[in-house]
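Down below is the structure, laid out as structure tokens.
The values are calculated or read from the model by the stated rules, or taken from the named source; none is laboratory data. Because the structure is predicted, anything quoted here is derived from the model rather than measured. Note that each Cβ is placed from the backbone with ideal geometry, even for glycine, and that neighbours are counted across all protein chains shown.
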Amino acid sequence: MADRDSYGDDRYGDDRYGDAYGDSPRSGADANPGRKRSWRERIFSNQTARWVASGAPYHSLAEAPNGLLADAASEFGWQLTASDEQASALLTSAPFRVAGYVAGNVVRGEFDPFAGSRGTDLGLASQWQFVAFDALDDSRLGRTVGHCFTAVPTMVELPPLRVLPARYMTGPSRGMQVFPTVDPIFDARFKLLAANGDDELAAFTMLMTDEVRSVLSAGDDREEIWTIEGHVVVSTSRAHDEELLARHLEICGAMLRAIRGA
């Protein structure tokens with residue numbers, strides 16, 4: 001799986017090192033709230049050591065499913081469970097390192113990607129199943145939330161494809177290479193990765209419609225998207241909430257409409 005991180009952006013927040021900068025008083029000779037820790041102290045702090053050892057960024061702690069997402073699940077009749085076999089399988093498909101993480105806070109439900117479209121008039125299925133979950137890791141620091149994921153079935157078999165912000169490092173890509181679209185402005189913000197083949201090029205041509213590029217460009221370039229075993233998966237490096245789930249479903253819906261239009 002490709003190994004990547006994002007440099008130069010603020011997606012981890014300024015507090016990702018906890019008290020690494022000496023924000024809390026300490027006893028003895030080190031009792032100086034304003035003193036900054038040395039690089040040696042920071043490198044060997046618990047949080048930094050865990051980041052280096054796991055290869056997955058330290059994001060946030062959560063002992064229970066996000067309250068807003070739980071409220072949404074109750075309101076819309078979605079199913080909220082602690083774990084799920086399909087979610088666990090989808091987690092392992094991530095094209096970035098998720099060592100030590102498990103799928104948790106799983107939400108299953110339905111949404112309509114074709115609301116008000118011609119597909120509904122033709123009697124096509126309007127309610128599509130989705131599964132959303134967080135990548136969790138329990139350690140002595142507590143419960144770490146690495147990424148959140150949302151997946152929907154495509155009903156057609158697509159070759160392995162990947163879309164990610166251009167600023168993200170990809171590392172080894174298992175034979176994949178970057179393909180440009182017809183939109184140079186979009187290409188400056190996103191990378192499209194696939195193996196070099198006619199099937200991959202045809203799939204990208206089908207998926208990267210004007211609507212899909214517009215939906216992706218309307219965000220803040222933090223989502224990663226890939227195809228796996230008849231599913232489109234969207235991931236963001238933070239815990240799920242109601243707003244973020246709506247964003248993921250917006251992206252999935254645009255891609256499902258692109259597939260149907262083709």
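Taking segment 154-202 as the range and being more than 30 Å from Phe111 (Cα to Cα), free of Cβ contacts under 8 Å to residues at least 40 places away in the same chain, in contact with a Lys or Arg (Cβ under 9 Å, 6 or more places away or on another chain) and of a type in the set (Gly, Ala, Ser) as the test, only Ala195 passes. A search for C-beta distances below 9 Å between a residue of segment 106-128 that is farther than 21 Å from Leu245 by Cα and surrounded by 13 or more Cβ atoms within 10 Å (Cβ to Cβ) and any residue that is modelled with pLDDT under 85 and of a type in the set (S, T, N, Q), counting only pairs 6+ apart in sequence or on different chains, returns Ser117/Ser126; Gly119/Ser126; Thr120/Ser126. In segment 75-128, the qualifying residues are those that are outside any strand (DSSP E or B) and among the acidic types (Asp, Glu), and the one that is modelled with the highest pLDDT is Glu85.
Trp226 meets each of the listed conditions (1) touching a helix residue (DSSP H, G or I) at 6+ places or on another chain (Cβ under 8 Å); (2) among the aromatic types (Phe, Trp, Tyr); (3) within 29 Å of Leu80 (Cα to Cα) apart from (1). Going by what's in this entry, would Leu249 be described as without any contact (Cβ under 8 Å) to a residue 24 or more places away in the chain and farther than 18 Å from Ala135 by Cβ? Spelling it out, it is not the case that Leu249 is without any contact (Cβ under 8 Å) to a residue 24 or more places away in the chain and farther than 18 Å from Ala135 by Cβ.
Of the helices (runs of 4 or more DSSP H) lying entirely inside segment 153-248, those carrying at least 2 residues that are touching a Phe, Trp or Tyr at 6+ places or on another chain (Cβ under 7 Å) and either modelled with pLDDT of 90 or more or crowded, with 21+ Cβ neighbours inside 10 Å (or both) are 210-217.
For segment 186-197, the criterion of being under 27 Å from Gln86 (Cβ atoms) and either of a type in the set (S, T, N, Q) or over 19 Å from the mean Cα position of the chain (by Cα) (or both) is met by at least one residue.
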